[in-house]
Amino acid sequence: MSSLSLFQRIVIRCGLTSCRSMEKQPVKIMVTGAAGQIGYALVPMIARGVMLGSDQPVILHLLDIPPAAEALNGVKMELIDAAFPLLKGVVATTNVEEACGGVNIAIMVGGFPRQEGMERKDVMSKNVSIYKAQASALEQYAAADCKVLVVANPANTNALILKEFAPSIPAKNITCLTRLDHNRALGRIAQRLNIHVSDVKNVIIWGNHSSTQYPDANHAAVITQAGENSVKELVADDKWLHDEFISFVQQRGAAIIKARKLSSALSAASAACDHIHDWVLGTPKGTWTSMGVCSDGSYGVSPGLIYSFPVTCNKGDWSIVQGLRIDEPSRARMDATAKELIEEKTLAYSCLD
């Protein structure tokens with residue numbers, strides 16, 4: 001395998017005039033649960049260049065369970081019919097080893113959803129089994145520098161299990177999706193201030209991708225022609241920021257299910273693209289994003305937990321933003337969501353036993 005990192009392979013440019021027209025090598029991207037709603041929304045975004053840029057060819061590896069094989073083949077047919085110039089190949093399979101073969105990026109959308117009458121431990125047991133098996137396949141067959149994004153819930157704990165059972169994959173290469181919550185927070189502030197969402201930056205999602213997550217606007221800013229202004233000062237309503245805003249982001253997924261009678265798909269797919277795009281190609285200067293990553297003990301979070309932090313990304317690596325002032329109400333919320341993650345971890349390990 002090439003000694004170049006994924007980032008280097010994606011952004012490398014030949015300095016010689018005769019080489020400038022050379023096309024980049026395709027990046028292999030696996031999507032599990034690819035026949036489902038999120039997968040169906042996600043794969044055309046990847047094929048169009050939303051995730052890795054308009055000049056990066058891709059090969060898609062689509063995985064789903066055997067009962068979805070026919071639908072999965074239909075997704076492959078549509079990808080071919082769409083004639084995406086960047087799409088250099090499609091593998092559609094129900095075999096996890098085949099799907100993982102040589103992949104540089106793995107987006108884990110597939111999981112076992114909670115069904116009516118099921119206990120929490122039953123759902124956790126199903127997902128522990130799925131992610132333990134997929135971890136083994138990734139470790140054996142994926143590229144050594146494979147970057148993993150877990151989307152399926154419970155996303156943080158699924159990512160934790162994957163990390164535990166794929167020890168040769170660097171812990172920094174295993175993440176979970178909280179960018180959807182991050183984007184929801186940006187959108188809500190933009191609505192409140194009647195500005196464009198691209199003018200808002202540096203919200204934070206702390207903790208678990210669940211209703212205990214802490215959407216934090218204390219450090220967020222609005223970009224204006226005159227410079228940057230604090231969201232806190234512009235909103236000028238602490239009750240809204242500490243109550244309605246937080247509950248809005250925490251409950252947005254449930255509100256979408258109530259409206260659509262289905263869970264978030266388009267926005268989740270878009271957030272997955274945003275997550276990988278920033279991770280691989282970098283966050284803009286002075287801007288951070290939210291990612292569920294392996295805690296190193298920052299901000300008093302137990303090391304080893306997959307916890308959402310504010311991060312900056314550069315050359316394919318992420319770094320937790322340090323030195324942010326944490327007030328007492330924030331500390332309490334951050335600790336509460338960490339406590340839930342510790343409880344989930346304990347439950348997941350009991351399922352292994």
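The values are calculated or read from the model by the stated rules, or taken from the named source; none is laboratory data. On a predicted model such as this, the values are computed, not experimentally measured, just so you know. Cβ placement follows ideal geometry from the backbone for every residue including glycine, while neighbour counts extend to all protein chains displayed. With ligands, DNA and RNA removed, areas are computed over all heavy atoms of the protein, side chains included. Shrake-Rupley method; radii C 1.70, N 1.55, O 1.52, S 1.80 Å.
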- Message: Take the conditions among the hydroxyl-bearing types (Ser, Thr, Tyr), within 30 Å of Lys285 (Cβ to Cβ) and either touching a Lys or Arg at 6+ places or on another chain (Cβ under 6 Å) or open to solvent by 10 Å² or more (accessible area, probe 1.4 Å) (or both) and apply them to Tyr214. Does it pass?
- Response: yes
- Residues of segment 90-108 classified as open to solvent by less than 20 Å² (accessible area, probe 1.4 Å) and either of a type in the set (A, V, I, L, M) or more than 13 Å from Leu62 (Cβ to Cβ) (or both), total: 7
- Query: So which of Asp317, Asp335, Asp327 ends up being touching a residue at least 24 places away in the same chain (Cβ under 8 Å), under 23 Å from His219 (Cα atoms), open to solvent by less than 60 Å² (accessible area, probe 1.4 Å) and among the acidic types (Asp, Glu)?
  - Reply: Asp327
- If a residue has to be open to solvent by 10 Å² or more (accessible area, probe 1.4 Å), touching a residue at least 60 places away in the same chain (Cβ under 8 Å) and of a type in the set (Ser, Thr, Tyr) to count, how many in segment 30-76 make the cut? 1
- Could you say whether any residue in segment 144-154 is assigned to a helix (DSSP H, G or I) and either buried (at least 16 other Cβ atoms within 10 Å of the Cβ) or hydroxyl-bearing (Ser, Thr, Tyr) (or both)? no
- Note on the structure: Among Ile189, Ile174, the single one that is in contact with a strand residue (DSSP E or B) (Cβ under 6 Å, 6 or more places away or on another chain), crowded, with 16+ Cβ neighbours inside 10 Å and closer than 29 Å to Gln225 by Cβ is Ile189
- Picking from Leu72, Leu79, the residue that is in contact with an Asp or Glu (Cβ under 6 Å, 6 or more places away or on another chain), assigned to a helix (DSSP H, G or I) and not small (Gly, Ala, Ser) would be Leu72
- Message: Just to check your reading of the model, which residue among Ala271, Ala265 is in contact with a Lys or Arg (Cβ under 6 Å, 6 or more places away or on another chain) and surrounded by 14 or more Cβ atoms within 10 Å (Cβ to Cβ)?
- Response: Ala271
- Starting from segment 183-200, keep only residues that are under 20 Å from Ala265 (Cβ atoms) and touching a residue at least 24 places away in the same chain (Cβ under 8 Å), then list their pairs with residues that are outside any helix (DSSP H, G or I) and open to solvent by less than 40 Å² (accessible area, probe 1.4 Å) whose Cβ atoms are within a distance under 6 Å, requiring at least 6 positions of separation or different chains. Ala185/Val203; Ala185/Pro215
- Restricting attention to helices (runs of 4 or more DSSP H) lying wholly within segment 210-296, give those where 3 or more residues are out of contact with any helix residue (DSSP H, G or I) (no Cβ under 6 Å at 6 or more places or on another chain) and within 22 Å of Val43 (Cα to Cα). 245-260, 266-281
- Task: Confirm whether Trp288 is in contact (Cβ under 8 Å) with a residue 24 or more places away in the chain, open to solvent by 10 Å² or more (accessible area, probe 1.4 Å), under 22 Å from the mean Cα position of the chain (by Cα) and closer than 24 Å to Arg192 by Cβ.
- Result: yes
